[in-house]
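The values are calculated or read from the model by the stated rules, or taken from the named source; none is laboratory data. Since we're looking at a predicted model, the values are computed, not measured. All Cβ positions, glycine included, derive from the backbone under ideal geometry; neighbour counts span all protein chains shown.
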Amino acid sequence: MTDKTRPEYIRDAWYVAAWGEELTDTPLARSILGEPVALYRGESGVVGALEDCCPHRMAQLSQGVVEGDNLRCGYHGLMFDCTGTCKEIPGQPNIPPRAHARHYPLVERWNLVWIWMGDPAAANPDLIPEWLWLDHPKWAYSHGIIQYDCNYILLVDNLIDLSHTTFVHKQTIGTHDVARTPVKTERQNGTVYVERIMNDTTPSPLYRKAGGFEGKVDRWQKIFYEAPGNIVIEAGAVPVGTNDPSRGIDTRIINYLTPETDDSVFHFWAFARDFALDDLDMTELLADQITLTFNEDKVLLDGQQANLAARPSQRLLDNNADSGVVMARRLLAERLAAEAGR
Amino acid sequence: MTDKTRPEYIRDAWYVAAWGEELTDTPLARSILGEPVALYRGESGVVGALEDCCPHRMAQLSQGVVEGDNLRCGYHGLMFDCTGTCKEIPGQPNIPPRAHARHYPLVERWNLVWIWMGDPAAANPDLIPEWLWLDHPKWAYSHGIIQYDCNYILLVDNLIDLSHTTFVHKQTIGTHDVARTPVKTERQNGTVYVERIMNDTTPSPLYRKAGGFEGKVDRWQKIFYEAPGNIVIEAGAVPVGTNDPSRGIDTRIINYLTPETDDSVFHFWAFARDFALDDLDMTELLADQITLTFNEDKVLLDGQQANLAARPSQRLLDNNADSGVVMARRLLAERLAAEAGR
Amino acid sequence: MTDKTRPEYIRDAWYVAAWGEELTDTPLARSILGEPVALYRGESGVVGALEDCCPHRMAQLSQGVVEGDNLRCGYHGLMFDCTGTCKEIPGQPNIPPRAHARHYPLVERWNLVWIWMGDPAAANPDLIPEWLWLDHPKWAYSHGIIQYDCNYILLVDNLIDLSHTTFVHKQTIGTHDVARTPVKTERQNGTVYVERIMNDTTPSPLYRKAGGFEGKVDRWQKIFYEAPGNIVIEAGAVPVGTNDPSRGIDTRIINYLTPETDDSVFHFWAFARDFALDDLDMTELLADQITLTFNEDKVLLDGQQANLAARPSQRLLDNNADSGVVMARRLLAERLAAEAGR
């Protein structure tokens, strides 16, 4: 494993830049992999992402205005389309070649806006994760975004090693059995897979609320991580010994971790369920509970970041429960090395 | 031109330190060219400026008290006159030579307090700009001070290239015609002169309010810049084709840009008019509108500074409308080189 | 003397970490000599101090929970006793040697919690100052803690040279005579002693309130400093010429200065008195007045720190009243050199 807590970024990847509804005709300024980006939605519905810096005098394009499918700088009025091509310089007929804004490929899918931070020529939409649960008649979901003041790798660790839920999330998803149940960890090609099966176990407070369980349950957590920031957790429970999905709950906690800067990360999350699909109260309950849960993590992760930053040469200690974390960091290192080698 | 966004400071110059009314017997702490200064007004009305650091234990003299025309340190009571000479060390008869505070020459003129940041021997009050409009029976003015979090050169650029008013100041002084009207730019010895004549043009919202125009106007903007921070804008309008000053308005937007630090600047501004001289509502209206206008700039300039700081080696792009800006930066570079050569 | 304003820290010393009542079963995060420490009180009443960084994933132990006399990490549940020994790693039977948290020796005495920042083997409780007034039937005290944003040496200076009270503390303990009365300064082995006797002097506002003096008094200040941060001030007054303790007041201002970081310091203070022992209003009055007094200092010291930080090579000027300050800095330098030599 590597203890390197500040990996270089993988650039040839689709990162989530925003939820679809965040992009409107008022531009949104968002830093991604440390780069300031101006995101907007044009009149036709198309989404655009330009470097948040006008090539003219370096004003922030996010302070500009959307005109048609273009973004006009709010300072001296240069206008760019969503490929960064300058369409107009007020008061002058010619447009010099340097009057070009850097653009980032965007794809809107699964109600999310995906941004490609590497070579635009390699931006293949087929590489976007297949998050079918976000657009499927048998699933409903709650969703949100939360920012942590830590390097994204700490959030990767957090979501892969759920033993922490026993200590951090007693109010929602944690129970005693999570930390004491060993996991099975496997590398499946480009995916790290971590599985925890808890049979005949007490349901967590959130499971009792969502699933209406009265007695013990058989519960599972199956975590799939793909570098750099895609983590899907398959989690659910059925009444103990029944093996009957119709009496249990099946959920997906779908996460994309997009580094904002070296010291901060956006966590785009959705909590998809196969029950109570039309129940808006359930949607809201789950949104509240998951927001509460991730805010409990935030306190710890932000503090962890401060400790790590102050101890650049100190190694972390890996316990048994860290098998998935160790494997994930190795996978990430491989991807980084592969990209550096290209 | 130079793209150097952080020029050394010209020191042999009168900078505005404060509006006259800002200086009282409660000392004012203000950083000028990155140097902390304690400004105060003595009992006799004289103004003083000392380095904001007592030579004894380095307490801030701005935390002290004015006694007569002297400033007494608020920590151990050393007392200095406005030339920095120590007049008293409590509890000890002798005053060693090192007990001297650095002072800065000050002159109060045009209701402004001017500070000389260079060699005191060269502090010639004749070099203070002739801002007659601030003390003239045919003129009245509104005034204020605003701080921007950017290097002062960005504010120089802003005030010299008024094409931005079309996009930034639609509510007050901007109209479509400003950005599309070409300027004439001239170097007149130590002055950069930029002229924009807009005949048969729609008056801006502020011009309609202030001048009561109902139809089209002939409008002019004449900008005079002298390094390092003196910018006077002669601006006005008359009803189209009349050429009749008595039916129009004549104004001067008088600006001094005093660097606070490398990343911030004080903008002392006055808006002088030749009409409604005794109308206090007009004074207040114009103060409000100009404050609103400059705050619109502040958002852009502060963002521009962030972009520039993150891209130290990236060149700006100069468009046609930047002719005055380019000339101003060249003038400034000459002045800096001349001062360095002395 | 040395003008070095950022001395290395003396490590082999007992610093005050907290007032006794600050430590409960909710851990307290506090930086001491720049090191983050998690302080807590166990069920049995024992106090513990661990590095605020779990050896596992570097979470802050101060986010954890107290269980018995142990502190359990709030992230993955590793549990440590107050010597830093790991007692449990959830989900795994073996505890590797690296699963050890750094601990700091603590002693609770005089209602204060003392921490040893050096080699634990050298942590001899006999070295804790004899602050009998904090546990004595003939004395009562008010107490508090205040943080300053300055290096602790500036606070040492402040408490040794009380001439500043004339200028800073006019509302409470300052009078004209303090600054103009010369001091006697002596080195008594490891102690710097500064004495100021003011006979036939006007009592300060606080002395009038506390001692009920109506006319002049004979007043004294005797300051004892021991490196690194122990300052006891014996201060009192009797009606002029009476030499009668029963008609006067005797007080001890007891101070421990614990560096938080290079730029900040905790000031633990107690104000002990030999009068009105059971008068809670007097306790509160004195707490309020001393808090007010030290907050007046804070403004100056924080500003002084900014000036010092900006002028690393500029020497301070030593006046007559600085004799104690100069001697204290020399003492501190000796202690530092001695510790470095060991």
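Side notes on the structure shown:
- Selection count where residues are of a type in the set (Asp, Glu), closer than 20 Å to B:Asn111 by Cα and touching a strand residue (DSSP E or B) at 6+ places or on another chain (Cβ under 7 Å), scope the stretch B:272-331: 1
- Condition check for B:Ala210: aliphatic (A, V, I, L, M) and modelled with pLDDT under 95: yes
- Complete set of residues in the stretch B:158-169 that are more than 7 Å from every other protein chain (Cβ to nearest Cβ) and crowded, with 24+ Cβ neighbours inside 10 Å: B:Asn158, B:Leu159, B:Ile160, B:Asp161, B:Leu162
- Only listed residue being crowded, with 22+ Cβ neighbours inside 10 Å, touching a residue at least 40 places away in the same chain (Cβ under 8 Å) and away from every other protein chain (no Cβ under 11 Å), chosen from B:Ala270, B:Ala287, B:Ala321: B:Ala270
- Some residue of the stretch B:81-90 being surrounded by fewer than 22 Cβ atoms within 10 Å (Cβ to Cβ) and of a type in the set (Lys, Arg): yes
- C:Tyr75 assigned to a loop (DSSP other than H, G, I, E, B) and either more than 29 Å from the chain's Cα centre (by Cα) or more than 10 Å from every other protein chain (Cβ to nearest Cβ) (or both): yes
- Test: A:Arg72 is touching a Gly at 6+ places or on another chain (Cβ under 8 Å) and closer than 30 Å to A:Ala310 by Cβ: no
- If the condition is being more than 10 Å from every other protein chain (Cβ to nearest Cβ), touching a helix residue (DSSP H, G or I) at 6+ places or on another chain (Cβ under 6 Å) and farther than 13 Å from B:Arg41 by Cα, then the stretch B:90-114 contributes B:Pro105, B:Trp110, B:Asn111.
- In the stretch B:296-309, the qualifying residues are those that are at the interface with chain A (Cβ under 8 Å from one of its Cβ atoms) and small (Gly, Ala, Ser), and the one that is nearest to B:Asp262 (Cα to Cα) is B:Ala306.
- Residues of the stretch A:130-189 satisfying the condition of being in a loop (DSSP other than H, G, I, E, B), closer than 18 Å to A:Val232 by Cβ and not aliphatic (A, V, I, L, M): A:Glu130, A:Trp131, A:His136, A:Lys138, A:Trp139, A:Asp161, A:Asn189
- Members of the stretch B:197-228 that are surrounded by fewer than 21 Cβ atoms within 10 Å (Cβ to Cβ), outside any loop (DSSP other than H, G, I, E, B) and free of Cβ contacts under 8 Å to residues at least 40 places away in the same chain: B:Ile197, B:Met198, B:Thr201, B:Pro205, B:Arg208, B:Asp218, B:Trp220, B:Lys222, B:Phe224
- Against the list (1) over 20 Å from B:Glu108 (Cβ atoms); (2) in contact with a Ser or Thr (Cβ under 8 Å, 6 or more places away or on another chain); (3) within 8 Å of another protein chain (Cβ to nearest Cβ), the condition B:Gln60 fails is (2).
- Residue count for the stretch B:170-184, restricted to those that are more than 16 Å from B:Glu296 (Cα to Cα) and either more than 13 Å from every other protein chain (Cβ to nearest Cβ) or free of Cβ contacts under 8 Å to residues at least 60 places away in the same chain (or both): 6
- Conditions (1) modelled with pLDDT under 95; (2) away from chain B (no Cβ under 14 Å): number failed by C:Met327: (1)
- Failed item, numbered, when A:Ile231 is tested on (1) in contact (Cβ under 8 Å) with a residue 24 or more places away in the chain; (2) not in a strand (DSSP E or B): (2)
- Count of residues meeting criterion [within 9 Å of another protein chain (Cβ to nearest Cβ), farther than 21 Å from C:Pro90 by Cα and crowded, with 18+ Cβ neighbours inside 10 Å] in the stretch C:22-57: 1
Quick grid of which residues meet (1) under 27 Å from the mean Cα position of the chain (by Cα); (2) touching a residue at least 60 places away in the same chain (Cβ under 8 Å):
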site	(1), (2)
A:Arg41	yes, no
A:Ala49	yes, yes
A:Asn70	no, no
A:Phe80	no, no
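- Pick from the stretch A:139-157, criterion surrounded by fewer than 21 Cβ atoms within 10 Å (Cβ to Cβ) and closer than 22 Å to A:Gly34 by Cα, ranking: nearest to the other protein chains (Cβ to nearest Cβ): A:Asp149
- Matching entry among C:Leu285, C:Leu277, C:Leu308, C:Leu317 (being closer than 21 Å to C:His169 by Cβ and either under 18 Å from the mean Cα position of the chain (by Cα) or not small (Gly, Ala, Ser) (or both)): C:Leu285
- Residues (touching a residue at least 60 places away in the same chain (Cβ under 8 Å) and of a type in the set (A, V, I, L, M, F, W, C)) located in the stretch A:148-169: A:Cys150, A:Ile153, A:Leu154, A:Leu155, A:Val156, A:Leu159, A:Ile160, A:Leu162, A:Val168
- Some residue of the stretch A:24-35 being outside any loop (DSSP other than H, G, I, E, B) and without any contact (Cβ under 8 Å) to a residue 24 or more places away in the chain: no
- Taking the criterion of being assigned to a helix (DSSP H, G or I) and among the hydrophobic types (A, V, I, L, M, F, W, C), the only residue of the stretch C:36-68 that qualifies is C:Leu61.
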